[in-house]
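What follows is a single structure, written as structure tokens, with notes after it.
Every read-out reported here was derived from the displayed coordinates using simple, explicitly stated rules and does not represent laboratory data. None of the values given here were measured: they were computed from a predicted structure. Note that each Cβ is placed from the backbone with ideal geometry, even for glycine, and that neighbours are counted across all protein chains shown.
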Ligand SMILES: Cc1cc2nc3c(=O)[nH]c(=O)nc-3n(C[C@H](O)[C@H](O)[C@H](O)COP(=O)(O)OP(=O)(O)OC[C@H]3O[C@@H](n4cnc5c(N)ncnc54)[C@H](O)[C@@H]3O)c2cc1C
């Protein structure tokens, strides 16, 4: 108990007392609205405080879990015995900035916690094209890079030329960067899903030559398509499954007669079968049970084993 008290005080010193919460209900920090309490939750909005917080956690040898906007994540109903570190919208010089610029393109830096939608708006305001597809993805840059988030034919790998990270495998956080192919982007995959590093920021190469209104109109069009097709009226974590080669998870699930299939509060969306939605009071166990049932039934009917896209934080 004394250790927890010391850890809390050290985290307050590292991040600022107002950024540190005890017994934070994780359902408030995920778009699925699922998850019990974390012992401690720390909000960070810049790389320097992220480094300080991680230094404290390593010094205490304390368990931690990194999150962004919690839009691809299910926490356990029992919560997390440890510290959840949540990266938030970058502030001051950690907000977006143009780091290089020529007649054809510019490179923009963004802190890991900044959202993909605010990054897309920043690009639009500066008449930079290439991130229109990302304006409706409700994640952060860090979570987006880790997932290689994408939509409507675009994905972050097309413009992220470099990402910065913290390696926490030693005694102290070690800062580094991965460039180009070293980021190992694949479909909803990147090196960060395998190396355990914390993404601290990314550099986006964006094009010039389109007027602000043209970029804004493309973003509006894609977001209207999203509202039309996706069950945005219910909490979810987006597409529950990865797209199987040559097909769509939603199509296979609907063909198996699972539209509206429900266990507890978790339901295969009636609007888009690729989504599992929280119809009220869904637990992590409900979501797991729906995922397992869907995988089994679709495999039996079509021979395709669907792979979950949603991440489950390990119960601790
Ligand atoms: C309504 C809805 C629509 C969606 N539409 C799309 C879509 O069109 N395309 C798409 O690709 N996704 C979509 N998603 C899913 C989600 O928004 C993306 O996967 C997003 O990239 C997740 O970012 P996040 O910040 O929310 O990550 P989180 O959910 O917070 O975390 C996801 C994973 O990343 C890890 N992580 C988070 N931040 C960091 C960091 N800084 N360093 C290391 N690891 C980190 C977490 O530990 C976790 O394993 C949608 C989700 C919702 C709810």
Which one of 79, 265, 209 has the biggest mean-square fluctuation once the chain is modelled by GNM with Cα springs under 10 Å? 209
Place the peptides 270-282, 3-15 in order of packing, highest mean first, counting for every residue the other Cβ atoms within 10 Å and averaging per peptide. 270-282, 3-15
Rounded to the nearest 5, the percent of antiparallel DSSP beta bridges in region 44-183 equals 70 percent
How high is the relative contact order of region 231-312, given as a whole-number percent (alpha carbon pairs under 8 Å, six or more residues apart)? 36 percent
What share of the DSSP beta bridges in the chain is antiparallel, in percent to the nearest 5? 75 percent
Would you mind checking the radius of gyration and Dmax of region 191-265 based on alpha-carbon positions, in Å? 18.1, 51
Taking only DSSP H segments of four or more residues, each worth -39500 (n - 2.57), what value at 222 nm results for the chain once the sum is divided by all its residues, to the nearest 500 deg cm²/dmol? -9000 deg cm²/dmol
Of the peptides 254-262, 96-104, how do they stack up when ordered by the mean number of other Cβ atoms within 10 Å, highest first? 254-262, 96-104
Spread of Cα-to-Cα distances over 10 Å intervals beginning at zero, given as percent, for region 230-293: 25, 58, 16, 1
In Å, the C-alpha Rg and Dmax of the chain are 19.9, 59
